[in-house]
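The values are calculated or read from the model by the stated rules, or taken from the named source; none is laboratory data. All values derive from a computational prediction rather than experimental measurement. Glycine also receives a Cβ, built like all others from the backbone with ideal geometry; neighbour counts cover every protein chain displayed. Accessible surface is based on the protein model in full, side chains and every heavy atom, while ligands, DNA and RNA are left aside. Shrake-Rupley method; radii C 1.70, N 1.55, O 1.52, S 1.80 Å.
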Amino acid sequence: MATTTCSSMSSSPSEDDEARLDQLPSALLASIMSKLDVVSICYVSVTCKAFRSCASQILSFIPNFQLLDIAISVDLLRPLLRHNPYLRSLKIDCGRLDDFSIDLLLQPSLHELCLHNCEDFSGKLISEIGGRCRELRSLYLGSVAGKRRRAIHVSDLEELLNGCSQLETLSLMFDVSIFLRHNFAQAWAMTSRDLTTLEIGFVSSVMVTELLSPGVASYQSSSQMQPSVLPNIQKLCLSVDYMTDTLVGVISKCLTSLTHLDLRDAPLIEPTSSIDLTNLGLQQINQHGKLKHLSLIRSQEYLLTYFRRVNDLGVMLMVDKCLDVESICLGGFCRVTDAGFRAILHSCSKLSKLKVCHGTHLTDLVFHDISATSLSLTNVSLRWCGLITDLSIAHLSCNANLCVLDLRYCRNVGDESLKSISALCKLQILLLDGSNISDTGLGYLGDGVLRSLVSLSIRGCIRLTDECISTLFDGCSGRALQDLDLSNLPNLSDNGILCLAKTGVPIVELRMRECPRVGDTAVMALASMQVDDGGWRGNRLRMLDLYECRVTALAFRWLKKPYFPRLRRLGITGSVNRDIVDALARNRPYLHVSCHGEELGTGYWDGFDGSERHENEEVDELEQWLLEGGSESDEEMLEVVDNHPQEMALD
């Protein structure tokens, strides 16, 4: 997106300027605008009549339409998303859309369709895609029929798979087991032979087994399996109820082209031996020798449970067949010790990503001779590995190409680790939640690594005080930093946030959850925060999480327009006063306000490579386009706040 200066954004062109623009050939303007995305076209359209006229025409033949930052109604979407025979890619947040939007969304020319937050849609969306978008190559559907009284039928899935015969990538990011348990395998009989990537938000392991090998039940041997209905799958990502030997065996034997396997389960009850993963299951992985990425995670979302039937032997047997694997993620393997983890490091010579979660027996011995290997790790995560100390981090720092380092809840990691980390000049993501670091230790980062760091989380590091901000940003070297998590710091106060605002660091996402000493003054400081960034001066915050901070009705004055012009997500405690929160939502209809304590943007921390970046974006002309002439007055919000002048702290 082209960058515009502050002066050009704040003043309108003169009549002479507009006259000159009107003289430009429309074909030239159209050629330039066709290279922009939808948001950029909207930005340009508000500058002058000539650009607005051209933008109105260009929307009829742009090849890519992406609007994921905000959810808009069908009435506002209709003038933007027009019938367009050249449209190839459509990515939309459907949070305010429903089945009545289907005619608008589903255009026959589409090759890529990505629809997020489809809670208000029924299975009709799925079946209609198969009937209308027969040229699709890639499809992503999120949270379909998430609201009550919405339903999906197996016939809807059948129509989708039969109609989209050229589909290569399919992501069904919702619980398919609720609606599609019966005849699920049968629905896939006519699936595209070109399908190489399949991702499902939640499905039972039995359904997957029946899908891939209909002739085998959950208790049968993998030797009885029939050829898979999905022979060309290369990437499979599933969240299941139980990860079992049968499931792993079926996947490993039937999917002969598999290069990427990502399995995650979250048991509701402790698994028995018949519905659990054991050493035997691990031994069956990568039977065809093509696997490059392996992730096996047991989540503790519902129950504190682990893979209790897997030990070092199982991991060693797995490693023998995975010598060329480049990425390994293991979560919940509580009986695997240093011997098993060392086998991974010393056998998988191409390994670049290592993720271990809840490695209760992983110690410093795993990394003490890592410099003797040929590994060049770029992504290391040791979350909840409580026996890791500063020694491990010192050894890991020999990997000069390290880009992502996740040490969340490694309680024995302290300031000495930060000394070692400071030498990692390519590090972009550093997560230190719950570690034993101090204000002094954070100062070590400013000498080098802070210049490249994009994301930093120091949540729950209880030794930190307001001094950590001044120590960290001494000299304002953190110009690359975009995401900062300061949540659950009991000694952080308004003074620390005032210091942060003065540094001018261009923060995009700021989390300050459960900081009891952070209040109204911090909000005022952040609202007034001005950042010099690429010729534009203003506030860059797009996400602000203030859940359980001591903000009162006064702070809401500073959360309305024109403050925080780019803010898209706000976390707050709704109990402060529901009327005020509702007024804010009406005042800023495209601001997503979370009032129930849900985490904002947590998926970012758990991304695969941490490569996501926030582009430089201008002030919010997109919202001006959408609301032109129809926005509510700020007076409503002021009236509500004035009626509640008393300070109402969020307890």
In region 190-210, anything open to solvent by less than 70 Å² (accessible area, probe 1.4 Å), touching a helix residue (DSSP H, G or I) at 6+ places or on another chain (Cβ under 8 Å) and part of a loop (DSSP other than H, G, I, E, B) is listed as T191, S192, S204
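I'd like to know if region 279-292 contains one or more residues that are farther than 24 Å from S352 by Cβ, of a type outside the set (S, T, Y), modelled with pLDDT under 95 and surrounded by fewer than 20 Cβ atoms within 10 Å (Cβ to Cβ).
Filtering region 279-292 for residues farther than 24 Å from S352 by Cβ gives 279-281, 283-284.
Now drop any that are not of a type outside the set (S, T, Y), which leaves 279-281, 283-284.
Adding the requirement that they be modelled with pLDDT under 95 leaves none.
Scanning region 279-292 turns up no residue that is farther than 24 Å from S352 by Cβ, of a type outside the set (S, T, Y), modelled with pLDDT under 95 and surrounded by fewer than 20 Cβ atoms within 10 Å (Cβ to Cβ).
For region 316-341, what are the residues that are of a type in the set (D, E, K, R), farther than 13 Å from L282 by Cα and in a helix (DSSP H, G or I)?
Step one: filter region 316-341 for residues of a type in the set (D, E, K, R), giving 320-321, 324, 326, 335, 338.
From the residues that got through so far, the ones that are farther than 13 Å from L282 by Cα too are 324, 326, 335, 338.
Matches in region 316-341: D338 only.
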Residues of region 539-572 being farther than 16 Å from L486 by Cα and among the aromatic types (F, W, Y), in sequence order, are F556, W558, Y563, F564
Conditions (1) small (G, A, S); (2) open to solvent by 40 Å² or more (accessible area, probe 1.4 Å); (3) touching a helix residue (DSSP H, G or I) at 6+ places or on another chain (Cβ under 8 Å) -> S397 fails only (2)
Inside region 413-428, the number of residues satisfying the requirement of being touching a strand residue (DSSP E or B) at 6+ places or on another chain (Cβ under 9 Å), closer than 26 Å to S295 by Cβ and open to solvent by 10 Å² or more (accessible area, probe 1.4 Å) is 1
Inside region 484-496, the number of residues satisfying the requirement of being within 24 Å of Y409 (Cα to Cα) and either in contact with a Lys or Arg (Cβ under 6 Å, 6 or more places away or on another chain) or in a helix (DSSP H, G or I) (or both) is 5
Subset of region 374-389, residues outside any strand (DSSP E or B) and open to solvent by less than 40 Å² (accessible area, probe 1.4 Å), comes to L375, L377, L382, C385, G386, I388
Scanning region 150-174 for residues that are within 26 Å of the chain's Cα centre (by Cα) and more than 23 Å from F100 (Cα to Cα) gives L167, E168, T169, L170
For region 49-76, pairs from a residue that is within 29 Å of A585 (Cα to Cα) to a residue that is of a type in the set (F, W, Y) and open to solvent by 80 Å² or more (accessible area, probe 1.4 Å), with Cβ under 9 Å and 6 or more apart or across chains, are V74/F100
When restricted to S371, S352, the only residue in contact with an Asp or Glu (Cβ under 7 Å, 6 or more places away or on another chain), farther than 19 Å from G281 by Cβ and open to solvent by 20 Å² or more (accessible area, probe 1.4 Å) is S352
Flagged in region 361-406 as among the polar types (S, T, N, Q), over 19 Å from L427 (Cα atoms) and at pLDDT 95 or above, in numbering order, are T363, T389
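Can you name every residue in region 271-315 that is in a helix (DSSP H, G or I) and under 31 Å from the mean Cα position of the chain (by Cα)?
First, the residues of region 271-315 that are in a helix (DSSP H, G or I): 273-275, 279-283, 312-315.
Result: I275, G281, L282, V315.
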When A339 is run through (1) open to solvent by 10 Å² or more (accessible area, probe 1.4 Å); (2) on the phi > 0 side of the Ramachandran plot; (3) small (G, A, S), the failure sits at (2)
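Kindly establish whether T471 is touching a helix residue (DSSP H, G or I) at 6+ places or on another chain (Cβ under 8 Å) and either modelled with pLDDT of 95 or more or crowded, with 21+ Cβ neighbours inside 10 Å (or both).
Details: touching a helix residue (DSSP H, G or I) at 6+ places or on another chain (Cβ under 8 Å): yes; either modelled with pLDDT of 95 or more or crowded, with 21+ Cβ neighbours inside 10 Å (or both): no.
Spelling it out, it is not the case that T471 is touching a helix residue (DSSP H, G or I) at 6+ places or on another chain (Cβ under 8 Å) and either modelled with pLDDT of 95 or more or crowded, with 21+ Cβ neighbours inside 10 Å (or both).
Which residue is nearest to R568 (Cα to Cα), if the candidates are limited to region 510-523 and must be outside any loop (DSSP other than H, G, I, E, B) and open to solvent by less than 10 Å² (accessible area, probe 1.4 Å)? Walk me through it before giving the result.
Narrowing region 510-523 to residues outside any loop (DSSP other than H, G, I, E, B): 510-511, 517, 519-523.
Subset that is open to solvent by less than 10 Å² (accessible area, probe 1.4 Å): 510-511, 519, 522-523.
Details: L510: 12, R511: 14, G519: 20, A522: 19, V523: 16 Å.
Filtering region 510-523 for residues that are outside any loop (DSSP other than H, G, I, E, B) and open to solvent by less than 10 Å² (accessible area, probe 1.4 Å), the one nearest to R568 (Cα to Cα) comes out as L510.
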Over region 133-168, the set of residues crowded, with 18+ Cβ neighbours inside 10 Å, of a type outside the set (V, I, T), touching a Gly at 6+ places or on another chain (Cβ under 7 Å) and not in a helix (DSSP H, G or I) is A145, H153, C164
Residues of region 455-468 being buried (at least 21 other Cβ atoms within 10 Å of the Cβ) and either part of a helix (DSSP H, G or I) or among the aliphatic types (A, V, I, L, M) (or both), in sequence order, are L456, I458, L464, C468
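In this structure, does D494 turn out to be of a type in the set (D, E) and within 16 Å of L442 (Cα to Cα)?
On the way: of a type in the set (D, E): yes; within 16 Å of L442 (Cα to Cα): no.
Against the criterion (of a type in the set (D, E) and within 16 Å of L442 (Cα to Cα)), D494 does not qualify.
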